[in-house]
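First comes the structure, then the notes that go with it.
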Amino acid sequence: MAWIPSQTNINNPDDLQVLQNFSYTIQYIDSQYGTPQPVTLTAITQSYPTVILTNGSTASIGGYYQYVFEGSVIKYKEKANDNTSFQTITQPQYGTTIWGDFAEADVYAMTSFKADRTLYHYYNYLATSVDSQQGKVTQTYIVTLTNFWDAGQRALKQAVQNQKEGK
């Protein structure tokens, strides 16, 4: 009969950001009896240990996504009049933000910052159930993760304010 939700995009693009907890439920209602049927969820795209799939008559996708936007680069200078003190930090592996490896106290002068320009990551999940009249039924659901730059922008502003050059 019907998948609930009927929309394949589970969330609006700007509703979910990195490290934000979420939970989305999925059901399949049998076309003949009008009752919820067991749903099995499978991650189509990369699976994260922080995102849990729960199967059953009310299935769910929940948890949070670690930091997955990885194109950021910070460059700064640690010491005055020392051209060997330039440091470059690139986005670490999935799980933390680039600012986690950045020590503001070590900054003499910020030289550049390049933010990851990827706006969204899309995660696909296959929902499978059995209908009494149609047999096996499937639906692909999409969870959209948005790269909000607010936290990085605040960290960059603070680093520039705290730099030692010219003081």
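Every number in this text was worked out from the coordinates using simple rules, so none of it is lab data. Remember, it's a predicted structure, so these values are computed and weren't measured experimentally. Reconstructed Cβ throughout: ideal geometry from the backbone, glycine too, with neighbour counts over all protein chains shown.
Structure values in brief
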quantity: Peptides ranked, highest mean first, by Cβ atoms within 10 Å: ranges 154-161, 132-139, 24-31; calculated: 24-31, 154-161, 132-139
quantity: C-alpha long axis of helix 150-162 to longest principal axis of the chain, angle in °; calculated: 10 degrees
quantity: Residue-span extension gain [S31 to I52] - 0.36 nm each, minus C-alpha spacing; calculated: 4.8 nm
quantity: Debye, to nearest 20: dipole size of the chain, +1 on Lys, Arg Cβ, -1 on Asp, Glu Cβ; calculated: 340 debye
quantity: Percent RCO, i.e. relative contact order, over the chain, from Cα pairs under 8 Å lying at least 6 residues apart; calculated: 27 percent
quantity: Separation in nanometres of the label points that stand 7 Å from Cα toward Cβ, at N162 and V73; calculated: 2.4 nm
quantity: Chain lengthening between A80 and S112 when straightened (0.36 nm per residue, less Cα-Cα); calculated: 9.9 nm
quantity: Segment Q20-F148, extension gain: residue separation times 0.36 nm, minus the distance between their alpha carbons; calculated: 44.9 nm
